[in-house]
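> Structure provided below as structure tokens; questions to follow.
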Amino acid sequence: MSISKDYNKWANIYDENNNKTRDLDALATKRMLSNYSFKKVLELGCGTGKNTLWLLEHADEIIGLDFSEEMLKKATEKIKNKSVSFLLTDLNDPWPISSNYFDLVTCSLTLEHIASIAEFFKKAYNALQKGGQFFISELHPIKQYLGSKAQFESNVGRIDLEVYPHHLSDYLDTAKHIGFTLVALQEFFDNENREVPRLITFLFKK
Ligand SMILES: C[S@@+](CC[C@H](N)C(=O)[O-])C[C@H]1O[C@@H](n2cnc3c(N)ncnc32)[C@H](O)[C@@H]1O
């Protein structure tokens, strides 16, 4: 089963079902980006537009890319605003956007579905203006090692999506090699016990 088909099935309940990772990502995104100003945003794997709504409070223009028709349909129903465009795109293909244009590229909970992040990071770098920022929020590698992955309960049982673990050094070395500078790295936990971090976030600068 392909990843986009699984997300097409998940789309109907994605915003509502019990999902600690989704909810923590919403919080982490706000916490990490609130202190920065941005106007032109590229959102990679925008899904149902959960973060697009918040980004729109700050940005003049947002382009959201995603390859699931049903996730994008939900986003389009939710957000009717001339400043936002959603484009059906497989992020493993060339992206239908201008180069050196955006001041923020964001990517939440999507890289676990991307086999090779090097090409992806190159395209994010190319999309950004000089000084622009690349924000990533992802299931923590430790969580991945312990077996966590994108999954949901459907009417025919649990569906486990195809995922690719990325190590901490994969993120940092790839970003450095491409020319990004690390601005911030932060881990997010389920509660104050801070046992195993659920999310890792990176803010890189071009
Ligand atoms: C877990 S959802 C996250 C959605 C949103 N960013 C959020 O935080 O709620 C992952 C999204 O990535 C999209 N995605 C995964 N692989 C993709 C690819 N190769 N090209 C485009 N979109 C992809 C899926 O369709 C899905 O909407």
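> Taking only Cα atoms of the chain, what ratio of Rg to Rh do you get with Rh as the Kirkwood inverse-distance radius?
That ratio equals 0.93.
> With 29 Å as the limit, write out which pairs from Lys50/Lys82; Lys74/Lys176; Lys9/Lys30; Lys5/Lys205; Lys74/Lys205; Lys40/Lys143 have Cα-Cα distances beyond it, or answer none.
Check vs 29 Å cut-off fails for Lys74/Lys176; Lys5/Lys205; Lys74/Lys205; Lys40/Lys143.
> So, one more: Ignoring ligands, DNA and RNA, what percent of the 1.4 Å accessible area of the range 126-199 is carbon and sulfur?
Carbon and sulfur together cover 46 percent of it.
> Can you give me the accessible area per residue for the chain, using a 1.4 Å probe, in Å²?
With all protein chains present, the chain gives 49 Å² per residue.
> Now for a different question. I need the trypsin sites (Lys or Arg not before Pro) found in the range 1-92, filtered to DSSP loop residues with at most 16 other beta carbons within 10 Å of theirs.
Lys39, Lys80, Lys82
> While we're here: Based on DSSP, what percent of beta bridges with both residues in the chain are antiparallel, to the nearest 5?
Restricted to the chain, the bridges split so that about 45 percent are antiparallel.
> Over the chain, what is the relative contact order in percent, taking alpha-carbon pairs closer than 8 angstrom and at least six residues apart?
With pairs under 8 Å counted, the relative contact order is 20 percent.
> Net charge within 15 Å of Leu139 by Cβ-Cβ distance, Lys/Arg positive one each and Asp/Glu negative one each, not counting Leu139 itself?
So the environment of Leu139 carries a net charge of -4.
> Compute the FRET efficiency between Ser98 and Lys78 as 1/(1 + (r/R0)^6), taking r as their Cβ-Cβ distance and R0 = 35 Å, and round to the nearest 0.05.
0.90
> Using just the helices of the chain, give the 222 nm mean residue ellipticity in deg cm²/dmol: DSSP H runs with n ≥ 4 each add -39,500 (n - 2.57), and the total is spread over all residues, rounded to 500.
Computed mean residue ellipticity for the chain: -10000 deg cm²/dmol.
> Enumerate the whole-percent occupancy of each 5 Å bin, from 0 to the last occupied one, for all C-alpha pair distances of the range 110-174.
Pair shares across the bins are 4, 15, 22, 21, 15, 11, 7, 4, 1, 0.
> Ok, one more. Listed highest first by mean packing, meaning other Cβ atoms within 10 Å per residue, what order do 174-181, 194-201 come in?
194-201, 174-181
> With each pseudo-label sitting 7 Å past Cα toward Cβ, what's the Ala115-Lys30 distance in nm, one decimal?
3.8 nm
> Could you tell me the center-to-center distance, by alpha carbons, between the range 27-91 and the range 132-206 in angstrom?
A separation of 19 Å, based on Cα centres.
The values are calculated or read from the model by the stated rules, or taken from the named source; none is laboratory data. Note that the structure is predicted; figures quoted are calculated from it, not measured. Methodologically, a virtual Cβ is constructed for each residue, glycine included, from the backbone with ideal geometry; neighbour enumeration extends over all protein chains shown. Just the protein is used for accessible areas: all its heavy atoms, side chains included, with ligands, DNA and RNA removed. Shrake-Rupley method; radii C 1.70, N 1.55, O 1.52, S 1.80 Å.
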